[in-house]
1. Name the long-range amide H neighbours of A:Glu109: under 5 Å, sequence gap of 5 or more, or other chain; modelled H, no Pro or chain starts.
2. Please compare each pair in B:Lys68/B:Lys104; A:Lys78/B:Lys104; B:Lys41/B:Lys68; A:Lys11/B:Lys17 to a cut-off of 30 Å on the Cα-Cα distance and tell me which ones are over it.
3. From the backbone phi of the range B:23-32, what are the Karplus-calculated ³J(HN,Hα) couplings (6.51 cos²θ - 1.76 cosθ + 1.60, θ = phi - 60°) in whole Hz, Gly and Pro given as x?
4. Rounded if a/c is under 1.5, else prolate if a/b is larger than b/c, else oblate: which is the range A:5-105, with a ≥ b ≥ c the root eigenvalues of its Cα gyration tensor?
5. Can you tell me the FRET efficiency between A:Glu83 and B:Leu9 if r is taken as the Cβ-Cβ distance and R0 is 45 Å, rounded to the nearest 0.05?
6. Counting Lys and Arg as +1 and Asp and Glu as -1, each charge on the Cβ, what is the dipole of chain A about the Cα centre in debye, to the nearest 20?
7. Which of B:Gly105, B:Tyr19, A:His29 sits farthest toward the positive end of the charge dipole of the protein assembly as shown, with +1 on the Cβ of Lys and Arg and -1 on the Cβ of Asp and Glu?
8. Order of B:His81, B:His75 from fewest to most other C-beta atoms within 10 Å?
Amino acid sequence: GAGVSQTPSNKVTEKGKYVELRCDPISGHTALYWYRQSLGQGPEFLIYFQGTGAADDSGLPNDRFFAVRPEGSVSTLKIQRTERGDSAVYLCASSLLGGVNTGELFFGEGSRLTVL
Amino acid sequence: ELKVEQNPLFLSMQEGKNYTIYCNYSTTSDRLYWYRQDPGKSLESLFVLLSNGAVKQEGRLMASLDTKARLSTLHITAAVHDLSATYFCAVDRGNSGYALNFGKGTSLLVTP
């Protein structure tokens with residue numbers, strides 16, 4: 001597609017439930033990033049992938065959060081046993097790596113997660 | 001840990017006035033990015049600054065980078081209402097994959 005696509009755009013769930021958020025990056029972009037943005041805050045880094053592997057997952061807050069990118073394109077962020085504090089907008093971005101690329105990140109519209 | 005601090009966090013200014021937003025960061029980096037976010041929308045890339053002394057301009061906005069001082073500025077010239085938005089600076093985390101740490105953002109309101 002032309003841009004980064006995220007689904008669902010909105011997700012309301014109950015405390016304790018499991019949630020999956022999907023990101024489809026710009027075609028050909030090798031790097032994919034997940035961020036979390038709470039109201040009135042800047043995006044908080046969670047994890048980034050180079051190809052299929054997680055190159056840096058140091059931003060994942062705890063072991064309830066996990067992300068995969070099995071074929072090096074689409075990624076899924078998985079949250080187990082959701083808590084009210086997980087409520088936020090989850091942003092996905094992609095970029096090209098290497099060569100003369102500037103490292104500019106292109107963001108999707110985000111998935112707004114509300115945990116009741 | 002890389003910390004990115006912006007100030008001011010809130011800015012109300014009149015149309016036609018000039019102002020500067022500051023972005024300080026805590027560790028060495030040669031890559032700094034400015035993004036704009038409108039309410040309820042995602043982030044739009046404004047500027048990419050990749051070396052010490054880099055200066056980029058687009059319309060009424062000009063961004064600069066001083067890597068020695070670990071400081072970037074976003075200067076607004078003759079503000080107009082359309083510039084009202086939240087502006088974020090972001091710095092490369094330094095792990096070669098362009099993952100960024102963001103500041104808290106500067107919420108700008110331009111009034112008549």
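1. Placed amide hydrogens put A:Gln6 under 5 Å from A:Glu109.
2. Values: B:Lys68/B:Lys104 22 Å; A:Lys78/B:Lys104 25 Å; B:Lys41/B:Lys68 34 Å; A:Lys11/B:Lys17 41 Å.
The answer is B:Lys41/B:Lys68; A:Lys11/B:Lys17.
3. Running phi through 6.51 cos²θ - 1.76 cosθ + 1.60 with θ = phi - 60° gives 9, 10, 9, 9, 10, 4, 7, 9, 10, 9 Hz.
4. Details: a/c = 1.92, a/b = 1.72, b/c = 1.12.
It is prolate, given that a/c is not under 1.5 and a/b is the larger ratio.
5. Working: r = 27 Å, r/R0 = 0.60.
Plugging the Cβ-Cβ distance into 1/(1 + (r/R0)^6) gives 0.95.
6. Numbers: 11 positive and 12 negative charges, 81 e Å.
For this selection, approximately 380 debye.
7. In the protein assembly as shown, that residue is B:Gly105.
8. On the way: B:His81 10, B:His75 15.
Going from sparsest to densest Cβ surroundings: B:His81, B:His75.
Every number in this text was worked out from the coordinates using simple rules, so none of it is lab data. All figures in this text were calculated on a predicted structure; none of them were measured in a lab. Neighbour counts run over all protein chains shown; Cβ positions are idealised from the backbone, glycine included.
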